[in-house]
Amino acid sequence: MKPTARAGGVDPARRATGRWLAALVLGATLSLPWTVQRHWDAKPDAATYLIAARSLARGEGYRVMGDPFALRPPGWSAVLAPVVASRGLDFAALNLLGGAFGILAAALLFLLLRPRLGAPLACAVAAVVWVAPRFQQLCNQVLSDVPGFAAALAALLAIRWSAERASPRRDLLTGLAIGASAWLRTANLLLVPALALSRLLAPVPLPARSTAARRLAPALLPCAVAIAVYLPWALRADAPVAHGQESLQSYATALLRSDPLDPGSPLVGPGEALGRVARNVANYAALLGAAPDGLSPTVPAALLALAAALAWLFVLLRRREAPEWFAGLTAALVAAYYVAQARLALVPAVFALAATAETLRRLARRLLSRGAADGVVALALLAAVFAMHRGGAGFSRAQSGARAADLERVAEHLRATGFAGERLGGDFGTVYALLLDRPVEGLQFACNRLGAEAAREQVERAGLDRLVLQVDGPCPALLGLGEEEVHRGSFVVRRLRRATGAPPAAG
């Protein structure tokens, strides 16, 4: 029996939801002074977004190093552009923006989970996501993962809203929400098949069963609108790779071709595809606890990952709703991708956590009272927080701050000593190009794919005058070229030619 509205017309359940939501948002906001970094954890993808944002702010269009950029949609760079225009590369402000999107994502996740878990446990799951070290790391890297996740959650709420009472208006707004979310992050297009599957396979009473076409019909309008919203970007003219950058041509090439940078390379065969999936699944499971080799998961980590996957499957089979379909489709995509990165697993990880909480709650309620069962789940979530912080997320804040300071000192040196005709190269070209505001030849992919000799040959062909490298980066074979000009922490500048173009003298 649902609670009735009291005098004044306010639903007690809605009032309680508002209180929990306010507590979640207030707590996350008050934690910002401790969570927002003043420095930037430099990432090549984030540098690309920021270079494009600077180009938009200058009125030059969506470009990277002067060339049109076509790999990623411009939504995130467009959001960044006003901050870059008003404050430049103020990483404290940019990270604050990332933190704001993190709070938004936590709030939307709470609203999505509240009907399933109740307000207290939904708040607890959202709070666990907010305080997770890897989530906070993403909030401070100026990447599209957290904003894209927030947009996906908003679209999932719209999908649920339209399913509650079908109408053309609701379907139209749902399609707009899905399409707009894909302009922030391309992978959000998986919301389209997730919506279709949720409508096609939704559990309904036996008398209401109908043909697949009739069940799928309500999804046609929002799916068509979502595709139409994204279509202008999908139909853009092919653009060249940014100046001096060997990079991905398209996500389809990275997913389907044996060489992720070459659209003409052979298609991935069944054996290679299975090898990718096995390697990626092991790498993602190792995030929960790595064996001494650092690559394969420990037995407890593998069992925990399996339990989370089974919990997701249980909730999917029980509910057959869009969030679980979206998480499953995203998991399949990242498992088949050419590289495993922790940030790519954000969506599956969050919904696996939510599914685990829901499954544990159902199991506990078979043995305990409602309050005691919820207490067990809350304790399990508290243990998850402890385990996350014990495992960490790579470099500590002090270490990442020291690296950022070293990188800035190297950039200051290059800005002070560079000259107009000099050609620069670096392992992570876009990072240095962002800080120096000039083109830098990217060498990361050549070092990783082609080997030391081919990378050195690329340096010669490009006629580079200086190299900027990380000592612990992907191009150790280039660290012996030329002569050392400056060395700060993990970063080193190697001069290959004098300002006149002549090679440096021996010794």
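Would it be correct to say that F149 is aromatic (F, W, Y), part of a helix (DSSP H, G or I) and free of Cβ contacts under 8 Å to residues at least 60 places away in the same chain? No: the conditions fail for F149. Looking at the range 462-483, is at least one residue assigned to a strand (DSSP E or B), farther than 26 Å from L89 by Cα and not aromatic (F, W, Y)? Yes, the range 462-483 has at least one match.
Pairing each residue of the range 183-207 that is closer than 15 Å to P323 by Cβ and surrounded by fewer than 19 Cβ atoms within 10 Å (Cβ to Cβ) with any residue that is among the hydroxyl-bearing types (S, T, Y) and at pLDDT below 95, provided the two are 6+ apart or on different chains, yields no C-beta distance under 8 Å. Checked against (1) among the hydrophobic types (A, V, I, L, M, F, W, C); (2) crowded, with 21+ Cβ neighbours inside 10 Å; (3) modelled with pLDDT of 95 or more, A42 passes all but a single condition, namely (3). Looking at this structure, is A124 surrounded by fewer than 19 Cβ atoms within 10 Å (Cβ to Cβ) and either touching a residue at least 24 places away in the same chain (Cβ under 8 Å) or within 30 Å of R38 (Cβ to Cβ) (or both)? No; evaluated as a whole, the condition is false for this residue.
Rundown of residues vs (1) among the basic types (K, R); (2) at pLDDT 95 or above; (3) closer than 29 Å to L287 by Cα, yes/no style:
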| site | (1), (2), (3) |
| --- | --- |
| S55 | no, yes, no |
| G61 | no, no, no |
| P68 | no, no, no |
| R72 | yes, no, yes |
| A92 | no, yes, yes |
| F101 | no, yes, yes |
| A107 | no, yes, yes |
| W130 | no, yes, yes |
| G148 | no, yes, yes |
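Taking the criterion of being closer than 16 Å to V350 by Cα and either in a loop (DSSP other than H, G, I, E, B) or touching an Asp or Glu at 6+ places or on another chain (Cβ under 7 Å) (or both), the residues of the range 285-327 that qualify are L287, L288, W312, V315, L316, E321.
In the set A420, A454, only one residue is modelled with pLDDT under 85, farther than 19 Å from K43 by Cα and part of a helix (DSSP H, G or I); that residue is A454.
If you go through the range 423-446 and keep only what is assigned to a helix (DSSP H, G or I) and either more than 24 Å from Q141 (Cα to Cα) or in contact (Cβ under 8 Å) with a residue 60 or more places away in the chain (or both), you end up with G429, T430, V431, A433, L434, L435, Q444, F445, A446. Check whether at least one residue in the range 70-79 is surrounded by 16 or more Cβ atoms within 10 Å (Cβ to Cβ) and among the polar types (S, T, N, Q), and report yes or no. Scanning the range 70-79, I find at least one residue that is surrounded by 16 or more Cβ atoms within 10 Å (Cβ to Cβ) and among the polar types (S, T, N, Q), so the answer is yes. Which residue is modelled with the lowest pLDDT, if the candidates are limited to the range 218-261 and must be under 22 Å from L344 (Cα atoms) and over 21 Å from the mean Cα position of the chain (by Cα)? Within the range 218-261, the match that is modelled with the lowest pLDDT is E246. Inclusion of P297 among residues that are under 18 Å from M388 (Cα atoms) and buried (at least 18 other Cβ atoms within 10 Å of the Cβ) is warranted.
Does the range 450-464 contain at least one residue that is surrounded by 15 or more Cβ atoms within 10 Å (Cβ to Cβ) and either polar (S, T, N, Q) or in the same structural domain as Q341 (by TED's automatic domain parsing) (or both)? So far as the range 450-464 goes, yes, one or more of its residues are surrounded by 15 or more Cβ atoms within 10 Å (Cβ to Cβ) and either polar (S, T, N, Q) or in the same structural domain as Q341 (by TED's automatic domain parsing) (or both). Exactly one residue out of L71, L143, L111, L89 is part of a helix (DSSP H, G or I) and touching a residue at least 12 places away in the same chain (Cβ under 8 Å): that is L111. Only one entry of V376, V385, V350 meets the criterion of being at pLDDT below 95, closer than 23 Å to L113 by Cα, under 21 Å from the mean Cα position of the chain (by Cα) and β-branched (V, I, T), and that entry is V385.
The values are calculated or read from the model by the stated rules, or taken from the named source; none is laboratory data. Since this is a predicted model, take the numbers as computed values, not measurements. Please note: Cβ atoms are built from the backbone with ideal geometry, for glycine as well, and neighbour counts cover all protein chains shown.
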